[in-house]
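Below you'll find the structure, written out as structure tokens, and then a few comments.
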Amino acid sequence: MMRVEPILLEGHTAIAIEVKLPKTTLLVVTTDKGYIMCGALDVALLNERLRDRNIVAARATGVRTIEELLEAPLESVTYTAEDLGIVAGMTGREAILRMM
């Protein structure tokens, strides 16, 4: 099953995506500039092999819901996300707001 819904954050709208897979759930919150995602995101791949794409993305681990993804500290971020002031340790919500 897949669920897609808008979420309002401080007057801005992002899109939350939840995909139920066998034995796991994929979680993403996205904006026009970038996204945050659960532990399935491979930040190293984005930074190394896809660096020329300048992808703004961040990863939080150990999350099971969209709300947890927004509240969890980020474990890793892409180089391009760092250029926007997004850093490991800030919450997913703070990162999404910087992506608006």
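The values are calculated or read from the model by the stated rules, or taken from the named source; none is laboratory data. Values in this document were obtained by computation on a predicted structure and should not be read as measured data. Please note: Cβ atoms are built from the backbone with ideal geometry, for glycine as well, and neighbour counts cover all protein chains shown. To get the accessible areas, we keep the full protein, side chains included, count just its heavy atoms, and leave off ligands, DNA and RNA. Shrake-Rupley method; radii C 1.70, N 1.55, O 1.52, S 1.80 Å.
Sort out which residues of segment 44-76 are open to solvent by less than 90 Å² (accessible area, probe 1.4 Å) and of a type in the set (Lys, Arg), and write them in order of number.
59
Taking the conditions exactly as written (in contact (Cβ under 8 Å) with a residue 60 or more places away in the chain, touching a helix residue (DSSP H, G or I) at 6+ places or on another chain (Cβ under 9 Å) and either in a strand (DSSP E or B) or open to solvent by 70 Å² or more (accessible area, probe 1.4 Å) (or both)), does residue 14 satisfy them or not?
Details: in contact (Cβ under 8 Å) with a residue 60 or more places away in the chain: yes; touching a helix residue (DSSP H, G or I) at 6+ places or on another chain (Cβ under 9 Å): yes; either in a strand (DSSP E or B) or open to solvent by 70 Å² or more (accessible area, probe 1.4 Å) (or both): yes.
Criteria met by residue 14.
Residues that are more than 23 Å from residue 1 (Cβ to Cβ) and among the aromatic types (Phe, Trp, Tyr), at least 3 per element: which strands (runs of 3 or more DSSP E) completely within segment 19-100 meet that? Steps first, answer last, please.
On the way: elements: 24-30, 34-37, 56-59.
Result: empty, no element qualifies.
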